[in-house]
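Student: Structure in structure tokens, see below.
Read-outs: derived from the displayed coordinates by stated rules, not from any lab. This is a predicted model, so every value here is computed, not measured. Here the Cβ positions follow ideal geometry from the backbone for every residue, glycine too, while neighbour counts run over all protein chains shown.
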């Protein structure tokens, strides 16, 4: 048997669509392979698990060279919404779930969902502000204890 | 190509142990493959998923992903992981004698 990965702990620090999806795909893919997976949302990544924001995640249209849209054009009003709708449409065609449904799916598959204590303190966020799938707001020490013996991925 | 023997018959498998020719599979092989995957006994709920996997493979030429299973097999994602803790789509495909489903979601 070749080498295997038994556990991944993925830190999500960005609040953009392209910052959040890769982490969700990796966590979901880990569970599909029978690998234990935990998601730890910190800083702007908390938007992905914040009730009033998780359904309004936008792609970054400024400072994002890979999008191939000129910065000044990307800064026009409505551009983030427009580009996000376009991408969401393309993803729906590939049967990639929207962020809220994706996180629910990861949670249902046994993946752990956690918020970062320091970030919640910084933004004045409490457990009530977060979606029900969040199992707890934990400290960095608790995160390391949970991640012990596995791989840590920072996105 | 490697072979494995299930229910007294030699079948061709890939490096991960998935049958390469689903036509070689018989229902009698399922229990033995399941046991090797750490599943003690196949319940009717397991069979619902296994039969769904084979039907999907026959219809589409590829096994469904966990997301598709959760939406269309009649078994929820939560229950799928209870039935097949080491990955529902992957484990059920192996037991059902079809190739491993590919796909990132």
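Student: Please go through (1) more than 30 Å from residue A:143 (Cβ to Cβ); (2) surrounded by fewer than 13 Cβ atoms within 10 Å (Cβ to Cβ) for residue A:62 and return the number of the only condition it doesn't satisfy.
Tutor: Going through (1) more than 30 Å from residue A:143 (Cβ to Cβ); (2) surrounded by fewer than 13 Cβ atoms within 10 Å (Cβ to Cβ) one by one, residue A:62 breaks only (2).
Student: Among the residues of the stretch A:68-84, are any without any contact (Cβ under 8 Å) to a residue 24 or more places away in the chain, within 14 Å of another protein chain (Cβ to nearest Cβ), over 16 Å from residue A:153 (Cα atoms) and surrounded by 17 or more Cβ atoms within 10 Å (Cβ to Cβ)?
Tutor: No: the stretch A:68-84 contains no residue that is without any contact (Cβ under 8 Å) to a residue 24 or more places away in the chain, within 14 Å of another protein chain (Cβ to nearest Cβ), over 16 Å from residue A:153 (Cα atoms) and surrounded by 17 or more Cβ atoms within 10 Å (Cβ to Cβ).
Student: While we're looking at this one, here's another question. Output the residues belonging to the stretch B:47-71 that are surrounded by fewer than 21 Cβ atoms within 10 Å (Cβ to Cβ), away from chain A (no Cβ under 11 Å) and assigned to a helix (DSSP H, G or I).
Tutor: Result: B:47, B:48, B:51, B:52, B:54, B:55, B:57, B:58, B:59, B:60.
Student: Further question on the same structure: In the set B:74, B:40, which member is assigned to a loop (DSSP other than H, G, I, E, B) and either at positive phi or within 11 Å of another protein chain (Cβ to nearest Cβ) (or both)? First the steps, then the outcome.
Tutor: Details: B:40 fails: either at positive phi or within 11 Å of another protein chain (Cβ to nearest Cβ) (or both).
Being assigned to a loop (DSSP other than H, G, I, E, B) and either at positive phi or within 11 Å of another protein chain (Cβ to nearest Cβ) (or both) holds for just one of B:74, B:40, which is B:74.
Student: Are any of the residues in the stretch A:105-116 over 18 Å from residue A:18 (Cβ atoms), more than 14 Å from every other protein chain (Cβ to nearest Cβ) and exposed (fewer than 13 other Cβ atoms within 10 Å of the Cβ)?
Tutor: no
Student: Quick check on the stretch B:88-100: of everything there that is crowded, with 24+ Cβ neighbours inside 10 Å and not in a helix (DSSP H, G or I), which residue is farthest from the other protein chains (Cβ to nearest Cβ)?
Tutor: B:97
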